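We did not get these values from a lab; they are worked out from the coordinates using the rules stated. Keep in mind that this is a model prediction, so the values were computed, not measured. FYI the Cβ positions are ideal-geometry reconstructions off the backbone, even for glycines, and counts take in every protein chain you see.
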Amino acid sequence: DAKTTQPTSMDCAEGRAANLPCNHSTISGNEYVYWYRQIHSQGPQYIIHGLKNNETNEMASLIITEDRKSSTLILPHATLRDTAVYYCIAARTGGFKTIFGAGTRLFVKA
Amino acid sequence: SAVISQKPSRDICQRGTSLTIQCQVDSQVTMMFWYRQQPGQSLTLIATANQGSEATYESGFVIDKFPISRPNLTFSTLTVSNMSPEDSSIYLCSGLLAPSTDTQYFGPGTRLTVL
């Protein structure tokens, strides 16, 4: 699986959009970009994933650059409950294991 | 979606003993995994639990230390054997939901402290 690079931590004001970047310059053609988050004392939670097109669901939007070397997870209106560690992972679909990097610790402040 | 539960939620154990952690999924999952998360760290994959056959271990983890069973599509156990304080960690199980295998669901974790 391709290695991903994320900022160690970020701050965001409550109600504002949180934009979390991820670099995955060695991603291969059959690897998707996945995002998970882990709220304190809980197991990780799936957020969204995509291959090359931008994706949106009820939780977030995923913007992938045309060359697929980087992506941005957008939480459109961050709340205090979005404070968590966010993991960006490049992995194949179809039942392959997920390897976690260090992630970005997002602090949403009132 | 799938709901994954783990037992126990936490335990305090003595050095040299073993603890078995149970993982139960409310839906059939194609694959199950076990992770370890040390304080303040990310998740480290221990092994893939294979139904009806031996688990597939990641580098640095061995069956004698972390024996795993998976007797059916919804249940797995991880045993932490001959424990030492270095085994103090959170242990999490996860599953990929059948028929879709795009989304991984995680249990709440088992917090283990070894004295």
Worksheet, complete the sentence: Here the cysteines of chain B lacking a cysteine partner under 4.7 Å (Cβ to Cβ) are B:C13
Worksheet item: What spacing in nm lies between the two simple spin-label points modelled at A:I63 and B:T79, each 7 Å away from Cα in the Cβ direction?
Response: 5.2
Worksheet item: Per-residue HN-Hα couplings for region B:82-88, Karplus 6.51 cos²θ - 1.76 cosθ + 1.60 at θ = phi - 60°, whole Hz, x for Gly and Pro?
Response: 6, 5, 10, x, 5, 7, 4
Fill in: Residue pairs, from the table A:K3/A:K52; A:K97/B:K7; A:K3/A:K69, whose Cα atoms sit over 20 Å apart
A:K97/B:K7
Worksheet item: Longest span of chain A, sites excluded, free of trypsin sites (Lys or Arg not before Pro) in DSSP loop with at most 16 other C-beta atoms within 10 Å?
Response: A:17-51
Worksheet item: Using alpha-carbon pairs under 8 Å, 6+ residues apart, how would you state the relative contact order of chain B in percent?
Response: 37
Worksheet, complete the sentence: Once phi for every residue in region B:38-44 is put through the Karplus expression 6.51 cos²θ - 1.76 cosθ + 1.60 (θ = phi - 60°), the whole-Hz ³J(HN,Hα) values, with Gly and Pro written as x, are 7, x, x, 10, 7, 7, 10
Worksheet entry | Relative contact order, percent, region A:13-70 [alpha-carbon distance under 8 Å, six or more residues apart] | 31
Worksheet item: Which whole number gives the average count of other chain Cβ atoms within 10 Å of the Cβ atoms across peptide A:37-45?
Response: 5
Worksheet entry | Length-normalised contact order of region A:1-108 in % [C-alpha pairs under 8 Å, at least 6 apart] | 37
Practice prompt. Could you calculate the contour length gain from A:S9 to A:L80, that is, 0.36 nm times the residue separation minus the distance between their Cα atoms, to one decimal place in nm?
Written response: 24.0 nm
